[in-house]
Amino acid sequence: MAKGLTRCNVCGKTAEQVFEGQMLISIHDRIGYGSKYDGSMIDLDICSDCFDKLIDSFTEKCAINLIKENF
Ligand SMILES: [Zn+2]
């Protein structure tokens, strides 16, 4: 994706508004067999603020912690 057009999927802010100097989590991949989204593409960009909120709620659903601290 061209620079400047990247937007956080969650809050909709552009890269210039939130991503400067911050990490940006991107997942761009084809979804494979076994998912009901098989054959679709995932086009996901998340700013660090939304990532934190997402992980906070997602971690509660996980049996195994996905965050490794002080790795
Ligand atoms: Zn965001």
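The values are calculated or read from the model by the stated rules, or taken from the named source; none is laboratory data. Here the structure is a predicted model, which is why all the values come from computation and not from measurement. Here Cβ is always computed from backbone atoms with ideal geometry, including for glycine, and neighbour counts include all displayed protein chains. Accessible surface areas use protein heavy atoms only, side chains included; no ligands, DNA or RNA. Shrake-Rupley method; radii C 1.70, N 1.55, O 1.52, S 1.80 Å.
Descriptive notes on the structure:
- Check on Asp56, touching a Ser or Thr at 6+ places or on another chain (Cβ under 7 Å) and not in a loop (DSSP other than H, G, I, E, B): no
- Under the condition of being touching a residue at least 24 places away in the same chain (Cβ under 8 Å) and not in a loop (DSSP other than H, G, I, E, B), the residues counted in segment 16-27 number 4.
- Of everything in segment 22-57 that is more than 13 Å from the ligand (Cβ to nearest atom) and open to solvent by 100 Å² or more (accessible area, probe 1.4 Å), the residue that is nearest to Arg7 (Cα to Cα) is Met41.
- Scan of segment 9-46 for residues that are modelled with pLDDT under 90 and touching a helix residue (DSSP H, G or I) at 6+ places or on another chain (Cβ under 9 Å), ordered by number: Lys13, Val18, Phe19, Gln22, Met23, Leu24, Ile25
- Extreme residue, farthest from Cys8 (Cα to Cα), among residues of segment 18-49 that are out of contact with any Asp or Glu (no Cβ under 9 Å at 6 or more places or on another chain) and aromatic (Phe, Trp, Tyr): Tyr33
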